[in-house]
Amino acid sequence: MSSPSYRVWALPGLGEVRPGDDLAKLISATEPGLVDGDVLLVTSKIVSKAEGRVVAADDRESAIDAETVRVVARRGTLRIVENRQGLVMAAAGVDASNTPAGTVLLLPADPDASARAIRGGLRETLGVDVGVIVTDTFGRPWRNGLTDVAIGAAGVRVLDDLRGGSDAHGNPLNATVVATADELAAAGDLVKGKAEGLPVAVVRGLAHLVGGEDGARAMVRVAADDMFRLGTSEAVREAVTLRRTVREFTDEPVDGGAVRRAVAAAVTAPAPHHTTPWRFVLLESASARTELLDAMRDAWIADLRRDGKSEESIAKRVRRGEVLRRAPYLVVPCLVMDGSHHYGDERRDAAEREMFVVAAGAGVQNFLVALAGERLGSAWVSSTMFCREVVRDVLGLPEGWDPMGAVAVGHAAAPAKERPVRDAGDFIEVR
């Protein structure tokens with residue numbers, strides 16, 4: 001029994017590709033000797049040229065802007081972005097090489113459709129059933145160096161899903177999905193090179209991979225499944241943007257580890273005199289939440305009655321304040337004044353407390369943003385500040401702990417409504 005093997009080679013003699021050229025006919029004219037089951041690897045640059053994706057652009061940056069859907073990460077002038085094709089890559093795939101000065105090459109508008117057109121054209125001109133992969137060069141997270149990957153495909157099984165099977169030792173394969181189209185693209189790049197003028201390669205011997213019409217789009221991981229979809233600064237900005245008040249939660253349990261990671265972010269906030277003025281009480285049991293909220297409700301009702309509110313008005317107010325009951329997890333942030341200075345002067349002592357209150361607010365903001373980064377919704381409600389003695393008594397907190405509201409935590413039951421965009425300039429004064 002022979003060992004599995006394949007052969008890969010570049011096709012010479014293709015010549016310069018111009019807008020409007022039929023790539024299938026150009027490839028056929030080289031007399032490539034294709035047979036059924038071969039896989040053709042076509043560099044995206046010649047596809048872009050044939051499809052007229054050459055545009056005048058004195059400023060490459062403006063072309064990148066036009067092709068960018070989302071900035072993933074930025075460092076200096078380098079940008080990793082998601083482009084119109086859904087690909088995450090440097091500079092949106094806009095290329096200023098191998099094109100006349102003053103122009104840039106954009107990626108094919110629909111690389112899968114490009115691959116289908118080439119495959120159909122080769123079937124028509126040569127009568128062969130081959131797979132076609134459109135390739136482009138990518139950098140990769142955590143790895144130095146570039147490699148070719150598949151951005152378009154036709155007639156190729158782009159992913160080989162081995163989940164549900166077992167390895168040679170009988171161990172179950174639970175996460176193994178092989179990116180066959182990317183492996184083929186990289187193999188072709190070894191013979192095409194980057195500057196040899198050989199934009200097309202052929203792989204023979206892997207006919208079992210030919211067939212199927214998923215297209216390379218199936219290889220793009222959706223945002224919800226991508227744990228690394230943002231760079232550090234972009235992730236922070238997105239988490240700040242995602243931090244919205246959530247008032248309706250699902251019944252899905254909250255991961256206590258995620259809340260503790262958010263607390264770890266909270267206690268990095270600035271504070272006066274190198275103090276740590278934050279404490280976070282985590283109400284993880286339903287009984288603890290119910291006991292606290294019942295006591296707070298009773299105290300609130302008593303306050304409203306003293307204010308002369310009608311029973312109907314009191315009932316409405318209590319219903320509006322039930323957001324904390326609808327959450328599967330509660331956190332009570334507290335302010336402690338340990339390490340504060342006492343000046344014996346009313347003005348300075350008041351300012352000292354204000355510094356600590358500001359630091360507590362900074363800690364809670366860190367906490368809320370970190371929760372958003374964990375994809376948890378939250379609502380910071382001030383109610384515990386109006387019955388601090390009740391909260392301390394029910395939770396058994398020291399006298400010096402001042403509850404600074406309560407944070408409802410959970411998984412949002414629905415997406416947040418669009419928020420009007422605020423112009424930062426409206427909040428800035430320059431002197």
For region 326-431, what does the accessible surface come to per residue with a 1.4 Å probe? Please give it in Å².
58 Å²
Quick one: Cα centre-to-centre distance for region 246-313 and region 34-69, in angstrom?
54 Å
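Using the reciprocal of the averaged 1/r over all distinct C-alpha pairs, how large is the Kirkwood radius of region 222-266 in Å? Before the final figure, lay out each step's value.
Values: mean 1/r = 0.0782 Å⁻¹.
The answer is 12.8 Å.
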Quick one: pull the percent of accessible area on region 182-335 belonging to carbon and sulfur, 1.4 Å probe, ligands and nucleic acids left out.
52 percent
Normalised per residue, the volume inside the convex hull of the alpha-carbon atoms of region 229-313 in Å³ amounts to 205 Å³
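Whole number in Å², please: accessible area per residue of region 50-150, 1.4 Å probe, ligands, DNA and RNA not counted. Write out the running numbers ahead of the final one.
Details: 5020 Å² over 101 residues.
Result: 50 Å² per residue.
Quick check: net charge around P333, other residues with Cβ under 13 Å of its Cβ, Lys/Arg +1 and Asp/Glu -1? All intermediate terms of the calculation are to be shown ahead of the outcome.
On the way: positive: R279, R388; negative: D402.
Result for the local shell: +1.
Which whole number of Å³ per residue matches the convex hull of the alpha-carbon atoms in region 1-156? Let's see the in-between values first.
Details: hull volume 21.5 nm³, N = 156.
Given the Cα convex hull of region 1-156, per-residue volume reads 138 Å³.
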Which translational diffusion coefficient, to the nearest whole µm²/s, is obtained for region 343-431 from the Stokes-Einstein equation, given a Kirkwood hydrodynamic radius over C-alpha pairs, 20 °C and 1.002 mPa s?
131 µm²/s
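Once fully extended, how much extra length lies between A179 and E238, figured as 0.36 nm per residue of separation less the alpha-carbon to alpha-carbon distance?
Residue separation times 0.36 nm, minus the Cα-Cα distance, leaves 18.3 nm.
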Straight-line reach only, C-alpha to C-alpha below 25 angstrom: list the lysines that K45 could link to, leaving out same-chain residues fewer than 8 apart.
K25, K192, K194
Which loop-located trypsin sites (Lys or Arg not before Pro) does region 370-425 contain, where loop means any DSSP state but H, G, I, E or B and the Cβ has at most 16 other Cβ atoms within 10 Å?
R375, K417, R422
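Provide the per residue accessible area, probe 1.4 Å, for region 188-261, rounded to a whole number of square angstrom. Present the calculation step by step, with values, prior to reporting the outcome.
Working: 4590 Å² over 74 residues.
So region 188-261 comes to 62 Å² accessible per residue, rounded to a whole number.
Given R₀ = 22 Å, FRET efficiency for R60-T147 by Cβ-Cβ distance, to 0.05? Kindly include the intermediate steps, with their values, before the conclusion.
Working: r = 23 Å, r/R0 = 1.04.
Given R0 = 22 Å and the Cβ-Cβ separation, E is 0.45.
For T77 and E213, FRET efficiency with R0 = 45 Å and r from the beta-carbon atoms, rounded to 0.05?
Numbers: r = 39 Å, r/R0 = 0.87.
After rounding to 0.05, the efficiency reads 0.70.
What longest range of the chain stays clear of loop-exposed GluC sites (Glu not before Pro) (DSSP non-H/G/I/E/B, at most 11 other C-beta within 10 angstrom)?
Working: sites that count: E16, E196, E399, E418, E429.
In short, 197-398.
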Let me know the volume per residue of the alpha-carbon convex hull for the chain, in Å³.
241 Å³
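Calculate the dipole size of the chain relative to its Cα centre from +1 charges on Lys and Arg beta carbons and -1 charges on Asp and Glu beta carbons; express the result in debye to the nearest 20. Let's see the in-between values first.
Numbers: 53 positive and 61 negative charges, 101 e Å.
About 480 debye.
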If you take every DSSP beta bridge fully contained in the chain, what fraction is antiparallel? Give it as a percent rounded to 5.
90 percent
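Report, to the nearest whole %, how much of the accessible area of region 1-67 belongs to carbon and sulfur atoms, 1.4 Å probe, protein only.
Details: 1820 of 3730 Å².
Here carbon and sulfur together make up 49 percent of the probe-accessible area.
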What percentages make up the Cα-Cα pair-distance distribution of region 56-110 when the bins are 5 Å wide from 0?
4, 23, 31, 23, 15, 4
Angstrom value of the Kirkwood radius, inverse mean 1/r, which spans all Cα pairs in region 85-210:
16.5 Å
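Could you work out [θ]222 nm for the chain from helices alone, using -39500 (n - 2.57) per DSSP H run of at least four and dividing by all its residues? Round to the nearest 500 deg cm²/dmol. The partial results should precede the final answer.
Numbers: 11 runs with 140 residues, N = 431.
Value at 222 nm, helices only: -10000 deg cm²/dmol.
The values are calculated or read from the model by the stated rules, or taken from the named source; none is laboratory data. The structure displayed is predicted, hence computed values, not measured ones. With ideal geometry, Cβ positions are generated from the backbone for all residues, glycine too; neighbour counts draw on all protein chains shown. For the accessible areas, the whole protein counts, side chains as well, though only heavy atoms, and no ligand, DNA or RNA atoms are used. Shrake-Rupley method; radii C 1.70, N 1.55, O 1.52, S 1.80 Å.
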